[in-house]
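Nothing in this text is a laboratory measurement; each read-out follows from the coordinates by a stated rule. All of these numbers come straight from a predicted model, not from anything done at the bench. Virtual Cβ from ideal backbone geometry, glycine too; neighbours counted across all protein chains shown.
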């Protein structure tokens, strides 16, 4: 039997990576359909960097958690609740965008912005969800150091990504 720190970290990582693969599959399908409809991708996006960094930070956090031991029960449960809430927000955002959602910034010219679902309340709900995923996962596995580093690193990327999105969305 594996020690609990390894079981928790490996199980959580497996679940997160499986979710990422499902999202990637949906994203690629939507990307193809969006391009067929004339969607354009603005220059300057940090998609490729994000596509590499995003899974790596979860591997790094799981590794720290496996090496340092599991979080206390209350922290683990809190992290799980934050992660699930973040995932639900992300799924709500994806659902609201429907076939317009993808990992890439793809804009359909002359198509109005989505203002339903979480977009009625937040400009970029997906990124709030991603920060929740990272924070929740870090708490679940007890990855205090890599969790903070991951949040800061991803904040830099998201800041650049939002600037690209905002510029692109001005032309819709």
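Quick check of the Kirkwood formula: for segment 71-172, what is the inverse mean of 1/r over all pairs of different Cα atoms, in Å?
Values: mean 1/r = 0.0679 Å⁻¹.
It is 14.7 Å.
Roughly speaking, what is the centre-to-centre gap between segment 4-62 and segment 103-140 when only Cα atoms are used, to the nearest Å?
14
Could you give the alpha-carbon Rg of segment 122-172 over 2.2 N^0.38 Å, rounded to two decimals?
On the way: Rg = 13.2 Å, N = 51, 2.2 N^0.38 = 9.8 Å.
Relative to the 2.2 N^0.38 Å estimate, segment 122-172 comes out at 1.34.
What is the spin-label model distance, in nm, from residue 170 to residue 23 if the labels are put 7 Å beyond Cα along the C-beta direction?
2.8
Could you give me D for segment 92-136, from Stokes-Einstein at 4 °C and 1.567 mPa s, where the hydrodynamic radius is the Kirkwood radius over C-alpha pairs? Units µm² s⁻¹, please.
114
For helix 73-97, what angle does its Cα long axis make with the longest principal axis of the chain, in degrees from 0 to 90 and rounded to 10?
Approximately 10 degrees, to the nearest 10.
With axes computed from alpha carbons, what is the tilt in degrees of helix 144-169 against the longest principal axis of the chain, rounded to the nearest 10 within 0 to 90?
For 144-169 against the chain, the angle is about 0 degrees.
Decide, for segment 19-110, between rounded, prolate and oblate: order the square roots of the alpha carbon gyration tensor eigenvalues as a ≥ b ≥ c, take rounded if a/c falls under 1.5, and otherwise choose prolate if a/b is larger than b/c, else oblate.
Here segment 19-110 falls in the prolate category.
Using only Cα atoms and rounding to the nearest 10 degrees, what angle (0 to 90) does helix 4-36 make with the longest principal axis of the chain?
That works out to roughly 10 degrees.
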